[in-house]
1. Under 9 Å between Cβ atoms, which residue pairs at least 6 apart in sequence (or on different chains) link something in segment 184-197 that is among the basic types (Lys, Arg) and modelled with pLDDT of 95 or more with a partner that is assigned to a loop (DSSP other than H, G, I, E, B) and more than 8 Å from ligand 2 (Cβ to nearest atom)?
2. Looking only at segment 287-303, decide whether some residue is more than 16 Å from ligand 1 (Cβ to nearest atom) and part of a helix (DSSP H, G or I).
3. Scanning segment 209-265 for residues that are part of a strand (DSSP E or B) and among the aliphatic types (A, V, I, L, M), which turns out nearest to ligand 2 (Cβ to nearest atom)?
4. Give me the residue from segment 30-72 that is small (Gly, Ala, Ser) and in contact with a Gly (Cβ under 7 Å, 6 or more places away or on another chain) and, out of that set, nearest to ligand 1 (Cβ to nearest atom).
5. For segment 1-13, give me each residue that is near ligand 1 (Cβ under 8 Å from one of its atoms) and either hydrophobic (A, V, I, L, M, F, W, C) or closer than 16 Å to Tyr232 by Cβ (or both).
6. All but one of (1) in contact (Cβ under 8 Å) with a residue 24 or more places away in the chain; (2) farther than 18 Å from Met236 by Cβ; (3) of a type in the set (Phe, Trp, Tyr) hold for Tyr16; which doesn't?
7. Looking at Leu161 and the list (1) surrounded by fewer than 21 Cβ atoms within 10 Å (Cβ to Cβ); (2) part of a loop (DSSP other than H, G, I, E, B); (3) within 12 Å of ligand 2 (Cβ to nearest atom), which single condition is not satisfied?
8. Filter segment 22-45 for residues that are more than 24 Å from Asn69 (Cα to Cα) and not basic (Lys, Arg); which is farthest from the chain's Cα centre (by Cα)?
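The values are calculated or read from the model by the stated rules, or taken from the named source; none is laboratory data. These numbers were taken from a predicted model, which means no experiment stands behind them. Cβ sites come from the backbone with ideal geometry, for glycine too, and all protein chains shown count toward neighbours.
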Amino acid sequence: MKRALITGITGQDGAYLAELLLSKGYEVHGIKRRSSLFNTDRIDHLYQDLHEQHVRFRLHYGDLSDATNLIRIVQEVQPDEIYNLGAMSHVKVSFDMPEYTADVDGVGTLRLLEAIRILGLSAKTRIYQASTSELYGLVQEVPQRETTPFYPRSPYAVAKLYAYWITVNYREAYGLYACNGILFNHESPRRGETFVTRKITRAAARIALGLQAKLYLGNLDSKRDWGHAKDYVEAMWRMLQQDQPRDYVIATGVTTQVREFVRLAFAELGIELNFSGEGVAEVGHVVACHNPDFQVATGKIVVAVDPAYFRPTEVELLIGDPTRAQTELDWHPTYDLPALVSDMVQSDLRLFQRDAVLVEAGHSVLNYHDE
Ligand code: NDP
Ligand code: GDR
């Protein structure tokens, strides 16, 4: 039985990857951070009673900022494969916490590589590093592929640049089986609530149900190559099953503006939107509501721009070329953008239908923090 260790197991990708590896018969170990509240929502369904025999899913307390803790966990687990998914992963927040982001996203990767080396596991343990399309930043070439020069545009991307190169260096210097997956944006119903797609799908559902009046967003012009996280964790696993380690771009090859994602999300609920105005004065208003279940007035402004969500430096255009992954890993995405949007919107609609029932019965529901 193969043994895997996943950092960031409580995140979107960690949860899908843990499911995938368990379905393949792996013993799965994950690192979770201590928190004052439960932080394992995304993986609670995988929990196995530790008192039972043959438990294949275990969590360890740890943090990428803590080298001794990482060494102890790697020593205990003796993993065949490590997936380093843990990170302060929010680009905008990285401008507020640049030093922490460098420590966890950059040096954290080094700590894990060093743990493998110090413990003499270089020949046994394969490692996947969660690299990112944010490395491409300011457009140098379109579409972006493995050979496209990097030009990071945020503290997050600069930290991930260090992690990318230290992974390459350990592969070359110590013969480690180490791969960078340069993944373009991937989303799902489990996506963190403050990333733009999930913020949109949650708001669309809540506006349709009368639970929220308006959605405030930042830059509506930027373009992203959005895929489904379920497809992308399959690529991570495939990267670690090859004869030779290599770095791969994982993307759909299709790019879409944020504005268009908004339109598609509302359309999934039968609400037709139009955008007018420019810059911070741009708004999205309802042209028609075709769904008799929802009462959203024609002409109502449901989307507005708030410059608070703009970034000091923006990544305007990402579109990936996944040819290498297609040919060498036989990896092909199964979700296109409409299928992704539908999955996310329908899931959020089910989620907030419960809130709508409570409101109708006179109860109050959570007000969400500014996202
Ligand atoms: P999430 O933000 O959903 O999950 C991040 C995970 O990292 C969480 O489990 C989080 O724990 C954990 N984490 C945060 N800080 C630390 C720390 N100091 N020590 C240990 N763990 C920590 O991210 P995704 O699942 O979306 O992404 C997974 C990885 O892939 C990240 O490294 C991200 O940067 C990268 N990536 C993501 C892409 C995407 O589009 N999703 C694209 C390309 C790369 P907690 O739950 O406690 O916060
Ligand atoms: P990104 O994802 O920065 O690409 O990083 P995010 O969803 O945060 O932003 C995508 C684009 O949407 C614009 N935008 C907004 N973004 C957020 N979060 N909130 C808003 O209100 C909003 N309005 C417009 C952004 O400016 C940006 O252009 C994600 C993360 O998962 C990283 O960890 C990962 O490495 C990259 O994807 C690939």
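1. Arg190/Gly11
2. So in segment 287-303, the residues more than 16 Å from ligand 1 (Cβ to nearest atom) come out as 287-303.
Among the residues that remain, those that are also part of a helix (DSSP H, G or I) are: none.
No, segment 287-303 contains no residue that is more than 16 Å from ligand 1 (Cβ to nearest atom) and part of a helix (DSSP H, G or I).
3. Step one: of segment 209-265, the residues part of a strand (DSSP E or B) are 215-217, 223-224, 227-228, 248-250, 256-257.
From the residues that got through so far, the ones that are among the aliphatic types (A, V, I, L, M) too are 215, 217, 249-250.
Values: Leu215: 8, Leu217: 4, Val249: 12, Ile250: 10 Å.
Looking at the filtered set, the residue picked out is Leu217.
4. Going residue by residue through segment 30-72, those that are small (Gly, Ala, Ser) are 30, 35-36, 62, 65, 67.
Subset that is in contact with a Gly (Cβ under 7 Å, 6 or more places away or on another chain): 30, 65.
Working: Gly30: 8, Ser65: 5 Å.
Checked segment 30-72; the qualifying residue nearest to ligand 1 (Cβ to nearest atom) is Ser65.
5. Just the residues of segment 1-13 that are near ligand 1 (Cβ under 8 Å from one of its atoms), to begin with: 7-13.
Across segment 1-13, the qualifying residues are Gly8, Ile9, Gly11, Gln12, Asp13.
6. (2)
7. With respect to (1) surrounded by fewer than 21 Cβ atoms within 10 Å (Cβ to Cβ); (2) part of a loop (DSSP other than H, G, I, E, B); (3) within 12 Å of ligand 2 (Cβ to nearest atom), Leu161 is out only on (2).
8. Of segment 22-45, the ones more than 24 Å from Asn69 (Cα to Cα) are 22-25, 45.
Next, from what is left, pick out any that are not basic (Lys, Arg): 22-23, 25, 45.
Values: Leu22: 20, Ser23: 21, Gly25: 24, His45: 20 Å.
So, considering only residues that are more than 24 Å from Asn69 (Cα to Cα) and not basic (Lys, Arg), the one farthest from the chain's Cα centre (by Cα) is Gly25.
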